[in-house]
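The next block holds one structure in the form of C-alpha cells; read it before the comments.
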Amino acid sequence: MPRRPIDNRLDFLSPVSLVPGLGPKRIAALRQSGIETIRDLLYHFPRRYIDRSNVVPIGGIGSCLGATCCVIGTVTRTRVERGRTARFRAQITDDTGSFEALWFRGIPYFRKAIRTGQRVLLTGTVSRYGGYQMAHPLVESVGPNATGPAIAFLPRYPLTEAMREVNFQQRSLQKSIAWVVNNLKHYPEVLPKKIERKKGFPPLSECLRQIHMPDNPDGLDRYLSRLRYEELYQLALTLRWSRRKFALPGRVMRPGAMARTLESHLPFVLTGEQNKALRVLHRDAAAKTRMHRLLEGDVGSGKTVVAFFACLPALNEGMQVAWMAPTEVLAQQTYDRVCAWLKPFDVDAALLKGGISSADKGKILKGLSSGNLRFVVGTHALLQPSVRFYRLGMIVIDEQHRFGAGQRLQLAEKDPASDFLVMSATPIPQTLARTLYGDLEVIAIRSLPEGRQPVSTHIVPEHRRGDMETYLAREITGGGRQAFYLAPRIEGGDANDQVKDVHAVFDGLGQGPLAAIPRDLIHGRMAGEEKVNTMARFARGETRVLVATTLVEVGIDVPNATMMVIENAERFGLSQLHQLRGRVARGAKQGYCFLLTAETIDDLARERLEKLCATHDGFAIADLDLRLRGPGDVVGFRQSGRQDLKVADIVRDADLFREIQEELDRMLVR
C-alpha cells in the first residue's frame with residue numbers, strides 16, 4: 001500500500017482520519033472517546049511514563065533486582081510451556097549473559113511476534129526464580145546497531161472502553177500521536193506574543209512535543225506552565241464572550257397584578273430570601289437588557305416557585321415561557337406544578353418530551369409557533385430545530401449543570417431578546433463561582449422555608465442493617481411513611497464486588513423486615529413512560545419503598561417519603577449526599593437519612609460522613625467537598641459544557657485565573 005502523503009494543510013482542526021493507520025473502526029472509537037480532531041488527539045495527554053533510560057547489559061541485571069530496567073539482546077530460544085497455567089518463554093542473550101522473559105497472556109500473539117534470531121529491547125521488572133527473569137516485559141524489535149530505545153520515556157495513555165473494543169492499544173496510540181507531533185506544522189496562536197515574551201513561555205509546538213516525548217519527565221514543569229496558562233486564558237475568553245453574547249437588548253417586562261394574584265393563591269408564604277430574589281429578578285425583567293442569571297439555593301429552599309414568579313413578567317406582557325428540565329421525571333413533576341400555579345390565569349401549558357405521539361407533538365409545535373401556547377415544559381426535546389416560538393420572553397433551565405454551555409446557548413438563541421434564568425440546587429463554592437459561571441450573574445437563596453426541618457442523618461455500618469430495616473418497617477407500617485432506597489449503580493460487578501446495584505437491593509428487600517411492604521424499582525435505563533408511571537405510583541402511596549439510582553437526585557417531591565437509605569454511602573461526594581437526602585425533607589415531618597457503609601471504611605471516608613451528619617448548610621458542605629474531593633465531584637464541572645481543563649486545576653490555579661482575567665481587562669481597555 002503506498003504511503004499516504006503528508007497534507008501540508010494539517011492543523012489543529014483537521015480530522016483524525018488524516019493520521020495514517022487509522023481505519024474506520026478506530027476513527028469511530030476515537031470519536032466515541034471525544035477525539036475527533038488533531039487537537040483532540042494532541043491534548044489526549046499521557047497519564048504516566050515508563051522510564052527506559054536505564055539500559056544495562058544482561059550480565060548486570062542482578063543490580064536491578066526488584067526494579068525496572070532495559071536490556072537489549074537476541075532471542076536465542078522460544079517455547080510454549082503447557083500446564084495448569086500456560087506461558088510463553090523466550091531466552092534473551094547478549095555478550096555478557098542470558099536471561100528469560102515470560103508472558104502468561106497473549107501467547108498466540110507472542111509466538112508470532114517474537115522469533116529466534118530477532119534483536120529486541122525489553123523493559124520490565126527483574127525478578128529471580130532460579131535464574132533472573134522478567135515477567136510480561138514490554139518488547140520491541142530494534143536494529144543491529146541500537147544501543148537504547150528511540151524514546152527513553154515511553155508515554156502511557158488512558159484507553160477508553162471504546163478503544164479497547166477495537167483493540168486500539170498503547171502502541172498504536174503512541175504511533176498515531178507521534179506521527180502528528182512529527183508532521184504538524186501549523187499551530188494556533190492562542191496567546192498574544194506580548195504574553196509569551198512576558199512569561200518566557202516555550203513555543204506551543206515544543207510544549208506538546210515534550211509532553212508526549214519528554215527528554216526527562218522531571219523537567220516538564222516549564223512546558224506544563226504554558227499549557228496551564230493557555231487553558232485558563234481560553235476559558236477566560238470563553239466566559240467573556242458568553243457574557244457579551246448575552247449583553248443584548250431585551251424587553252421591558254413587568255409582572256403587573258399577576259404576582260399578587262399568584263401569591264394570594266399559594267398555600268404558603270414566601271420567605272424573606274425568596275422575596276429578595278424575586279425583587280432582583282423582576283428588576284432584571286424590567287431592564288432594557290436581557291436577564292442572564294443563575295439562581296442557586298440549598299435543597300428545599302424553594303427555587304422552583306421563585307423561578308415561576310420570574311416567568312410572570314413575560315406572561316403578563318403576552319409572551320411565551322420555555323422551561324427545560326434534564327429528565328422526563330423532573331419535567332413531568334415541574335409540568336404538574338406549573339399547571340397548578342397557572343390556574344388563576346388564562347394560560348395553558350404543555351409538556352414536550354421524547355416518546356409523545358406525532359399528533360400531540362405537532363399540536364404543541366403549532367401552538368408554540370403561532371403563539372397560542374404560552375408555556376411549555378420540556379426535556380432536551382426543546383432544543384430540536386422544529387421547536388419555534390412566536391415570541392419567547394423567558395427561558396428557565398432547571399439543574400443547569402446537567403446541560404452543556406452549548407445547549408444553554410442553543411435554547412437561548414431561539415429568541416435573542418428573551419430573558420434567561422438557570423437554576424442549580426448544588427451550591428457553588430465561592431472559590432469557583434467566578435470561574436465556572438463568569439458569564440452569569442449569581443443570586444442565591446440560603447435559608448429554608450419556615451417549618452422545614454434538617455434531615456436527621458446517621459451512619460449505619462453493614463452489621464446494623466437488620467436493626468435499621470426493622471425501624472423502617474415499623475415507621476412505614478405503623479406511621480404511614482414512605483422510603484427511598486438508593487444504590488450507586490444499575491448493574492452489579494463480579495462476585496467479590498461489595499458495591500450494591502439496584503436489582504440486588506430490590507431483590508434483597510424481598511427478605512427480612514421489609515419483605516411484606518410494597519416496593520418498586522426505578523433507574524435511568526427504563527423507558528421514559530415507565531419511569532413516570534413508577535414515580536406516580538410512589539407519589540400516590542401505592543408503593544411504600546422506592547429502590548432507585550441517583551435518578552431521584554433532583555426535583556423529586558413526595559412529601560410523605562420521609563426516610564432514605566443510601567447504599568455504599570462512602571462512594572458518594574458530600575454535595576451529592578446532601579442533595580439526595582434533600583428528597584426526604586419536603587414537608588413538615590422530620591426526615592431521616594441512613595448512610596449504609598461497608599464494615600470497614602478508611603478514616604477519611606468516615607470523617608467526611610461524620611461531617612455530613614453534623615452539617616446541614618449546603619454552601620458549607622460544598623466548600624468542604626471542594627477541599628476534600630476537588631471541583632469535578634462538587635459541581636460536575638466536566639459535565640458543565642465548559643472546555644475541559646487537561647492541565648489546569650480550578651482550585652489550585654484560582655489565583656492564576658484571576659490574574660489572567662485582570663490581564664484581559666487591561667488588554668481590552670486599551
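Considering only DSSP states other than H, G, I, E and B, which GluC sites (Glu not before Pro) in segment 515-580 qualify as loop sites with at most 16 other Cβ atoms within 10 Å?
Glu542
Using only Cα atoms, locate the centre of segment 95-145 and the centre of segment 535-577, then give the distance between them in Å, rounded to an integer.
55 Å
In whole Å, what is the distance between the alpha-carbon centres of segment 348-397 and segment 445-494?
If we compute the Cα centre of each part, the gap is 38 Å.
Name the trypsin sites (Lys or Arg not before Pro) in segment 1-90 that are in a loop by DSSP and that have at most 12 other C-beta atoms within 10 Å, would you? Walk me through the numbers before you get to the answer.
Values: sites: Arg3, Arg9, Lys25, Arg26, Arg31, Arg39, Arg47, Arg48, Arg52, Arg77, Arg79, Arg82, Arg84, Arg87, Arg89; in loops: Arg3, Arg9, Arg47, Arg52, Arg82, Arg84.
Filter output for segment 1-90: Arg3, Arg9, Arg47, Arg82, Arg84.
How compact and how long is the chain, expressed as Rg and Dmax of its alpha-carbon atoms in Å?
Answer for the chain, Rg first and Dmax second: 30.1, 96 Å.
Rounded to whole Å and sorted largest first, what semi-axes of the equivalent ellipsoid does the C-alpha gyration tensor of segment 456-615 yield via the square root of 5 times each eigenvalue?
Numbers: eigenvalues 98, 66, 53 Å².
Equivalent-ellipsoid dimensions as semi-axes: 22, 18, 16 Å.
Based solely on its DSSP helices, what 222 nm [θ] is calculated for the chain when runs of n ≥ 4 H residues each add -39,500 (n - 2.57) and the sum is averaged over all residues, nearest 500 deg cm²/dmol?
Working: 23 runs with 248 residues, N = 670.
After summing the helix terms and dividing by the residues of the chain, the value is -11000 deg cm²/dmol.
In a shell of Cβ-Cβ distance under 11 Å around Cys593, excluding Cys593 itself, what net charge do Lys and Arg (+1) and Asp and Glu (-1) give? Don't skip to the answer; put the middle values down first.
Values: positive: Arg581, Arg583; negative: none.
Neighbourhood net charge equals +2.
With N residues in segment 258-445, what two-decimal value do you get for its Cα radius of gyration over 2.2 N^0.38 Å? Please list the in-between numbers first.
Numbers: Rg = 15.6 Å, N = 188, 2.2 N^0.38 = 16.1 Å.
The value comes to 0.97.
For the chain, what relative contact order do you get, as a whole percent, if you take Cα pairs closer than 8 Å and at least 6 residues apart?
Values: 1166 pairs, mean separation 77.3, N = 670.
It rounds to 12 percent for the chain.
Ratio of segment 180-278's C-alpha Rg to 2.2 N^0.38 Å, to two decimals?
On the way: Rg = 25.7 Å, N = 99, 2.2 N^0.38 = 12.6 Å.
Computed over Cα atoms of segment 180-278, the ratio equals 2.04.
List the lysines whose alpha-carbon lies under 22 Å from that of Lys199, not counting same-chain residues fewer than 8 positions away?
Lys646
Report, to the nearest 10°, how far helix 465-479 tilts away from the longest principal axis of the Cα atoms in the chain, using its own Cα long axis and a range of 0 to 90°.
Roughly 20 degrees between the two axes.
Only Cα pairs under 8 Å and at least 6 apart count here; give the relative contact order of segment 456-615 as a rounded whole percent. Write down the numbers at each step before the final one.
Numbers: 273 pairs, mean separation 50.8, N = 160.
Averaging sequence separation for qualifying contacts and normalising by length gives 32 percent for segment 456-615.
Using alpha-carbon pairs under 8 Å, 6+ residues apart, how would you state the relative contact order of segment 258-445 in percent? Don't jump to the answer; show the numbers that get you there.
Numbers: 288 pairs, mean separation 61.1, N = 188.
It rounds to 33 percent for segment 258-445.
Just flag the chymotrypsin sites (Phe, Trp or Tyr not before Pro) in segment 225-313 sitting in loop per DSSP whose Cβ has no more than 12 other Cβ atoms within 10 Å. Before the final figure, lay out each step's value.
On the way: sites: Tyr229, Tyr233, Trp241, Phe246, Phe268, Phe308, Phe309; in loops: Phe268.
Answer by residue number: Phe268.
What is the Rg over Rh value, at two decimals, for segment 53-150, using alpha-carbon atoms and the Kirkwood definition of Rh? Let's see the in-between values first.
On the way: Rg = 12.5 Å, Rh = 13.4 Å.
Looking at segment 53-150, the ratio lands at 0.94.
Pull up the DSSP beta bridges for the chain and report the antiparallel fraction as a percent, rounded to 5.
Working: 35 of 91 bridges.
Approximately 40 percent, going by the DSSP bridge assignments.
Per the chain: cysteines with no other Cys C-beta under 4.7 angstrom?
Cys70, Cys207, Cys311, Cys339, Cys593, Cys613
Considering only the other residues whose Cβ falls under 14 Å of the Cβ of Ala285, what net charge follows from Lys and Arg at +1 and Asp and Glu at -1?
On the way: positive: Arg251, Arg254, Arg279, Arg283, Lys288, Arg290, Arg293; negative: Asp284, Glu317, Asp419, Glu441.
Once positives and negatives cancel, what remains is +3.
Since every read-out is calculated from the coordinates, none of them should be taken as a lab result. Every value quoted in this text rests on a predicted model; they were computed, and no experiment measured them. All Cβ positions, glycine included, derive from the backbone under ideal geometry; neighbour counts span all protein chains shown.
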